[in-house]
1. Restricting attention to the stretch 273-280, does a residue exist that is more than 13 Å from ligand 2 (Cβ to nearest atom) and on the phi < 0 side of the Ramachandran plot?
2. Are any residues in the stretch 11-28 assigned to a loop (DSSP other than H, G, I, E, B) and in contact (Cβ under 8 Å) with a residue 60 or more places away in the chain, and if so, which ones?
3. Tell me which residues, restricted to the stretch 65-86, are touching a helix residue (DSSP H, G or I) at 6+ places or on another chain (Cβ under 9 Å), assigned to a helix (DSSP H, G or I) and within 16 Å of ligand 1 (Cβ to nearest atom).
4. Identify all residues within the stretch 66-91 that are under 16 Å from residue 316 (Cα atoms) and in contact (Cβ under 8 Å) with a residue 40 or more places away in the chain; write none if there are none.
5. Might you check whether a residue that is within 13 Å of ligand 2 (Cβ to nearest atom), under 23 Å from the mean Cα position of the chain (by Cα) and assigned to a loop (DSSP other than H, G, I, E, B) occurs anywhere in the stretch 284-291?
6. Could you please find all residues in the stretch 278-296 being surrounded by fewer than 17 Cβ atoms within 10 Å (Cβ to Cβ) and either within 19 Å of residue 244 (Cα to Cα) or in contact with a helix residue (DSSP H, G or I) (Cβ under 6 Å, 6 or more places away or on another chain) (or both)?
7. Condition first: within 16 Å of ligand 1 (Cβ to nearest atom), closer than 28 Å to residue 280 by Cβ, at pLDDT 95 or above and out of contact with any strand residue (DSSP E or B) (no Cβ under 7 Å at 6 or more places or on another chain). Can you find one or more residues in the stretch 121-135 that meet it?
Ligand code: CP
Ligand code: NVA
C-alpha cells in the first residue's frame with residue numbers, strides 16, 4: 001500500500017463481517033483514520049489505484065451503494081457492480097456462493113456485499129482470500145454502526161460513558177451498535193418489545209467485551225426508561241428488508257416505541273436523534289423529530305463515506 005506511511009497502520013482481520021472482529025483499540029484507530037480522511041481526502045486519492053472491488057447487492061440500497069462507489073473511485077479504485085436484487089438473478093442460483101467467491105478472488109481485490117443471510121458472507125469469506133466487507137445482512141450492519149459512532153465522536157468528543165438509547169427492533173443495526181458500543185466504552189440502553197430482543201449470542205459477546213472496556217449494555221422493554229437522560233436516541237425501521245410479510249403485525253407491536261416529541265423530551269436537552277435511514281415518517285419516528293433540530297441523520301449518512309474509505313484504506 002503506497003500510502004501506508006501517512007497514518008499509523010491498523011492491524012485487522014482480513015474481513016469485516018460483523019464488527020466483532022475489531023479490538024477496542026482497532027476500533028478507535030479506525031475512527032481516528034476516518035477523521036483524518038474526512039479532513040484530508042486528497043492524501044488518500046491514490047490509496048486504491050489499480051484496485052477493483054466487486055459490489056454485490058441482493059437488496060436495495062441508496063446510501064451504501066453510493067458511498068462505496070464514490071468512496072472507492074475517490075481513492076483511485078474501480079467498482080464492478082453485481083446486481084442480485086431481482087429474484088430471477090438471485091445470488092447462488094446459477095452457481096454456488098463458494099464458486100462465485102472463488103472466481104471473484106481471481107479478478108478483483110475485494111468484495112463488498114449486501115445479502116439476506118449472514119451465512120452467505122461467511123461462505124464468501126471462507127472461499128476467497130480477498131477481503132469481504134458486510135454492506136448489511138440480516139444480522140449485522142457494521143459500516144453503519146462505525147459511521148454512527150464516528151458521528152457521535154465528532155459531535156461529543158470521547159465516547160467513553162456516552163449514553164445512547166436504541167428504541168425499536170433488536171435487528172441488524174441494533175446488533176452492530178451493540179458490538180461497537182461494547183468496544184468503545186459506550187453506555188447503550190436498548191428498549192425492544194419482548195419478542196424482538198437482540199440475539200442472545202450478540203448480547204453475550206457485547207456484555208463480555210463491555211466488562212473489559214467499562215461499557216454498559218442494558219436490555220429493557222420500556223422505551224421511556226431507555227431514553228431517560230440519554231445523549232443520543234436511535235431508532236430504525238420496524239420492518240427490515242426481508243421481513244416485509246410481518247409488516248402489519250410489527251406496526252402494531254412497535255407502536256409504543258415510536259420516537260416522537262414526547263419521548264425525546266425525556267432525553268438530555270442536548271440529545272441528538274439518530275436513524276440509519278431510510279426512515280418511515282409516522283411509524284418509528286415522527287416528522288417533527290426526524291426533520292427537527294436534534295436530528296443528525298444526514299451527518300450519519302455523510303459519514304458513511306469516510307468510515308468506509310477508512311475501512312478500505314485499512315484492508316487493501
Ligand atoms: N443506511 C443504509 O444502509 O442505507 P441504504 O439501505 O440506502 O444503503
Ligand atoms: N434494519 C434495516 C436497515 C436498512 C439500512 C434493514 O435491514 O432493512
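1. Initially, the stretch 273-280 is screened for residues more than 13 Å from ligand 2 (Cβ to nearest atom), giving 273.
With on the phi < 0 side of the Ramachandran plot added as a condition, the list becomes 273.
Yes; the residues of the stretch 273-280 include at least one that is more than 13 Å from ligand 2 (Cβ to nearest atom) and on the phi < 0 side of the Ramachandran plot.
2. Pass one, the stretch 11-28, residues assigned to a loop (DSSP other than H, G, I, E, B): 11-15, 17-23.
The answer is 12, 14, 15, 17, 18, 19, 20, 22, 23.
3. Passing the criteria: 66, 67, 68, 70, 71, 72.
4. 68, 71, 72, 74, 75, 77
5. So the first thing to find is which residues in the stretch 284-291 are within 13 Å of ligand 2 (Cβ to nearest atom), and the list is 284.
After this cut, where a residue has to be under 23 Å from the mean Cα position of the chain (by Cα) as well, the list is 284.
Filter once more, keeping what is assigned to a loop (DSSP other than H, G, I, E, B): 284.
Yes, the stretch 284-291 contains a residue that is within 13 Å of ligand 2 (Cβ to nearest atom), under 23 Å from the mean Cα position of the chain (by Cα) and assigned to a loop (DSSP other than H, G, I, E, B).
6. Answer for the stretch 278-296, where residues must be surrounded by fewer than 17 Cβ atoms within 10 Å (Cβ to Cβ) and either within 19 Å of residue 244 (Cα to Cα) or in contact with a helix residue (DSSP H, G or I) (Cβ under 6 Å, 6 or more places away or on another chain) (or both): 278, 280, 281, 282, 288.
7. Kept after step one, since they are within 16 Å of ligand 1 (Cβ to nearest atom), are these residues of the stretch 121-135: 121, 133-135.
Next cut, closer than 28 Å to residue 280 by Cβ only: 121, 133-135.
When the remaining residues are screened for being at pLDDT 95 or above, the result is 121, 133-135.
Those still in the list that are out of contact with any strand residue (DSSP E or B) (no Cβ under 7 Å at 6 or more places or on another chain) too: none.
No, because not a single residue in the stretch 121-135 is within 16 Å of ligand 1 (Cβ to nearest atom), closer than 28 Å to residue 280 by Cβ, at pLDDT 95 or above and out of contact with any strand residue (DSSP E or B) (no Cβ under 7 Å at 6 or more places or on another chain).
Let's see how each residue does on (1) touching a strand residue (DSSP E or B) at 6+ places or on another chain (Cβ under 6 Å); (2) within 30 Å of residue 85 (Cα to Cα); (3) surrounded by fewer than 24 Cβ atoms within 10 Å (Cβ to Cβ):
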site	(1), (2), (3)
195	no, yes, yes
207	yes, no, yes
233	yes, no, no
240	no, yes, yes
262	no, no, yes
265	no, no, yes
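The values are calculated or read from the model by the stated rules, or taken from the named source; none is laboratory data. Because the structure is a prediction, the values reported are computed rather than measured. A quick note on method: Cβ atoms are made from the backbone with ideal geometry, for glycine too, and the neighbour counts reach across all protein chains shown.
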